[in-house]
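The values are calculated or read from the model by the stated rules, or taken from the named source; none is laboratory data. Remember, it's a predicted structure, so these values are computed and weren't measured experimentally. Neighbour counts run over all protein chains shown; Cβ positions are idealised from the backbone, glycine included. Heavy atoms of the whole protein, side chains included, go into the accessibility calculation; ligands, DNA and RNA do not. Shrake-Rupley method; radii C 1.70, N 1.55, O 1.52, S 1.80 Å.
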Amino acid sequence: MVKEIFVKTILNKHKKRDDWFLDDYSLNPYKSCEFNCIYCYIHGSKYGKHVNELSVKINAPALLRTALTKYARRKEYGFIALSSATEPWMYIEEKYKITRKCLEIIAKFRFPVHCLTKSTLILRDIDILQEIDKNAILPEDLRKINHGVLITISLSTLEDKIARIFEPNAPSPKERLETLQKIKEYGFHAGIAYIPTLPFISDSNEQLEEMVKRAKDIGADYVFFSPLTLYGVGKKIFISVLEKHFPELVPKYEKLYERKPCVPRNYSDQYFKKVMYFCQKHNVNFGITKLRITRGH
Ligand code: SF4
């Protein structure tokens, strides 16, 4: 059951640009998400209590027009992340077309956009994305990117069997990679966020190297990697799924996430060392611009 809701604001302007995804703004046309990934950070966040209330923000395009009129007048151009807390191209988007209507407004005001998705439906909107890619005005310090559109497809594993457990309603990894392949054929600047990888499930040396190689084969312009974070209700939900499918890993996870929502330093140091090594070995960029890996990612 989808609720149609009217919201007061739609475009969040960040105090500081995101170092990784380069967005100055974020826009979530829906509340909650049909894909229902077990590891989704929404479960543990302040939005967690709404997780079962799938809603469409009916007045999102009208609010966006008002917000972009203001920011365009001030020439405060910056990448809009679409989206940071939901899937912009989930199944109900086929009917509501709210994301598409927002893209039309973004195109009109010539803002750049960073599409973060697991969906094949993004291909429906190639026409409007091409227009934005060509005409968007980039912030001065990001002009070198030379593209008004960034498209990042996210994956936690390349293996369908694992994805079916942890991303039960999302398109399969194979479908997502085929979507990325098509996006690259259209000439977009695009890459893969292997976020989150799952400790002891999708983070072996072989798996990480294969992820980098797959990105290389498709011609991805960049990759991101980051291990799972777990907190609040999200941790309980994740552990209950582990109990069913990987009971032997429960004590390991309890230990790994004993103190903090993120993995401990010894894990993350090793992890990023390996990932950077594989990226260098296969000549794949880590990040859209050169990234410094700091703790917490
Ligand atoms: S697709 Fe993204 S927003 Fe939706 S449930 Fe999965 S992780 Fe959460």
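Could you count how many residues in the stretch 109-137 are within 19 Å of ASP23 (Cβ to Cβ), open to solvent by 40 Å² or more (accessible area, probe 1.4 Å) and either charged (D, E, K, R) or without any contact (Cβ under 8 Å) to a residue 40 or more places away in the chain (or both)?
Qualifying residue count for the region: 2.
Return the pairs, sorted by first residue and then second, in which the second residue is near the ligand (Cβ under 7 Å from one of its atoms) and among the small types (Gly, Ala, Ser), the first residue lies in the stretch 82-95 and is farther than 18 Å from ILE106 by Cα and modelled with pLDDT of 95 or more, the beta carbons are less than 8 Å apart, and the residues are 6+ apart or on different chains.
Nothing qualifies.
Restricting to the stretch 237-255, give me the number of residues that are within 13 Å of ILE38 (Cβ to Cβ), free of Cβ contacts under 8 Å to residues at least 60 places away in the same chain and open to solvent by less than 20 Å² (accessible area, probe 1.4 Å).
Total meeting the criteria: 3.
Can you name the residue in the stretch 53-104 that is surrounded by fewer than 17 Cβ atoms within 10 Å (Cβ to Cβ), aliphatic (A, V, I, L, M) and not in a loop (DSSP other than H, G, I, E, B) and is also farthest from the ligand (Cβ to nearest atom) among such residues?
For the stretch 53-104, the residue satisfying everything is ALA72.
Among the aliphatic types (A, V, I, L, M) and in contact with a Leu (Cβ under 6 Å, 6 or more places away or on another chain) - does that describe any residue in the stretch 66-75?
So far as the stretch 66-75 goes, yes, one or more of its residues are among the aliphatic types (A, V, I, L, M) and in contact with a Leu (Cβ under 6 Å, 6 or more places away or on another chain).
Taking the conditions exactly as written (within 12 Å of the ligand (Cβ to nearest atom) and either assigned to a loop (DSSP other than H, G, I, E, B) or not small (Gly, Ala, Ser) (or both)), does PHE111 satisfy them or not?
no
Look at the stretch 177-214 and say how many of its residues are within 30 Å of GLU248 (Cβ to Cβ) and among the small types (Gly, Ala, Ser).
3
For the stretch 117-134, how many residues are away from the ligand (no atom under 16 Å from the Cβ) and touching a Ser or Thr at 6+ places or on another chain (Cβ under 9 Å)?
Qualifying residue count, the stretch 117-134: 2.
Restricting to the stretch 1-35, give me the number of residues that are touching a Leu at 6+ places or on another chain (Cβ under 6 Å), more than 16 Å from the ligand (Cβ to nearest atom) and among the hydrophobic types (A, V, I, L, M, F, W, C).
Number of matching residues: 2.
Looking at (1) modelled with pLDDT under 95; (2) closer than 18 Å to ASN36 by Cα, which one does PHE166 not meet, given that it meets all the others?
Of the numbered conditions (1) modelled with pLDDT under 95; (2) closer than 18 Å to ASN36 by Cα, the odd one out for PHE166 is (1).
Please work out which residue is nearest to the chain's Cα centre (by Cα), limiting yourself to the stretch 139-170 and to residues that are more than 12 Å from the ligand (Cβ to nearest atom) and of a type in the set (Val, Ile, Thr).
ILE151
Between LYS101, LYS70, which is farther than 25 Å from GLU34 by Cα and more than 18 Å from the chain's Cα centre (by Cα)?
Answer to the check: LYS70.
Is it the case that the stretch 138-155 has a residue that's part of a helix (DSSP H, G or I) and either buried (at least 20 other Cβ atoms within 10 Å of the Cβ) or among the hydroxyl-bearing types (Ser, Thr, Tyr) (or both)?
So far as the stretch 138-155 goes, no, none of its residues is part of a helix (DSSP H, G or I) and either buried (at least 20 other Cβ atoms within 10 Å of the Cβ) or among the hydroxyl-bearing types (Ser, Thr, Tyr) (or both).
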